Amino acid sequence: MKYIIGSGWWCSPEKDTREKLYGDEFIRGQAFHNEWIHSIKAYTSPEKIYIVDSNSPIIPEVDKNIVFVSLNENGGHSTNLKGKYSGWMRSVIHSMSYAQNCDCQYYVYVEQDVLLYGKGIIEHCINNMKKPYAFGKCNDFNNPLQQSFFIVKKDAIDKFLARIYLIDFDDSRISPEKKFALATSPLFTFIPKFIFASPKNKLLKKILWRIQNKLSAFLGSYDYLIVGYGRDRPINMGDDFFYFQHGNESELKKYSNLD
């Protein structure tokens, strides 16, 4: 079972000014990359690892077997956007395109603040996929899916990326989660995308947010990963397989004591 692991990279000495941050500050630092790559090496067997850097002022010490590509600008977060796509979305588009041009069967995305657990976790997830796409299930938030760890069959990459490009709204107007759900829909061509765009009025945006997410999940055609948890809590670290992001100090300590 051949697969490419893609990821992104952003690290800065400046304080993150977003309104809400999750997890311990350690996960946003350069040193966390060592924990990330240890997790990848311990529990997965990719053909290649492809990391897309958003023109970061701080670069990690990269393993010689990793393909590390730096863009010449930082696309920002979907709440503070530069251009059509956020830095995160750019990392997906670039690394997925790389996988499409490699000898592999699947593309796997593992975000830079995610830790995996369980030898063969990716193979385990693939063996339980019935559709070409598998994303994280989202229980604690109102999104249609989670994107910190997901899998796309290579045969579906062309169609998936083409549909992403055809969505005219930027990541601040239609969130990447909704774009992903819509891009998997067999009804994509007939869906009026503007109904999923966030209005500028804050009250109307709040009212429509849940409805838009529910509708995009209904229209999408994808599996949920057979493993938890991503951003969901609590984490059962007794599971044979799991993944999580936004780890706090206690969770990171418990994880480091496994095995």
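Brief remarks on what is shown
- Entry remark, the stretch 126-157: residues being closer than 13 Å to Met96 by Cα and not in a strand (DSSP E or B) number 4 in total.
- Exactly one residue out of Tyr243, Tyr222 is touching a Pro at 6+ places or on another chain (Cβ under 9 Å), surrounded by 14 or more Cβ atoms within 10 Å (Cβ to Cβ) and aromatic (Phe, Trp, Tyr): that is Tyr222.
- The set of residues in the stretch 53-110 that are of a type in the set (Asp, Glu), at pLDDT 95 or above and either over 20 Å from Ser172 (Cα atoms) or surrounded by 14 or more Cβ atoms within 10 Å (Cβ to Cβ) (or both) comprises Asp53, Asp103.
- Tally of residues being part of a loop (DSSP other than H, G, I, E, B), among the polar types (S, T, N, Q) and under 21 Å from Phe150 (Cβ atoms) across the stretch 168-218: 3
- Positions within the stretch 4-24 being under 17 Å from Gly230 (Cα atoms), out of contact with any Asp or Glu (no Cβ under 9 Å at 6 or more places or on another chain) and modelled with pLDDT of 80 or more, in sequence order: Gly6
- Every residue from the stretch 86-125 that is assigned to a helix (DSSP H, G or I) and either polar (S, T, N, Q) or over 17 Å from the mean Cα position of the chain (by Cα) (or both): Ser91, Ser95, Ser97, Gln100, Glu123, His124
- Pairs with Cβ under 6 Å, 6+ apart, first in the stretch 45-69 and in contact (Cβ under 8 Å) with a residue 12 or more places away in the chain, second among the hydrophobic types (A, V, I, L, M, F, W, C) and part of a loop (DSSP other than H, G, I, E, B): Glu47/Cys104; Ser54/Trp10; Ser54/Leu71; Asn55/Leu71; Ser56/Trp10; Ser56/Cys11; Ile58/Cys11; Phe68/Val62
- Considering residues of the stretch 38-52 that are among the polar types (S, T, N, Q) and assigned to a loop (DSSP other than H, G, I, E, B) only, the residue surrounded by the most Cβ atoms within 10 Å (Cβ to Cβ): Thr44
The values are calculated or read from the model by the stated rules, or taken from the named source; none is laboratory data. Remember, predicted model here, so these are calculated numbers, not experimental data. Quick reminder, even Gly has a Cβ in these numbers, built from the backbone with ideal geometry, and neighbours come from all protein chains shown.
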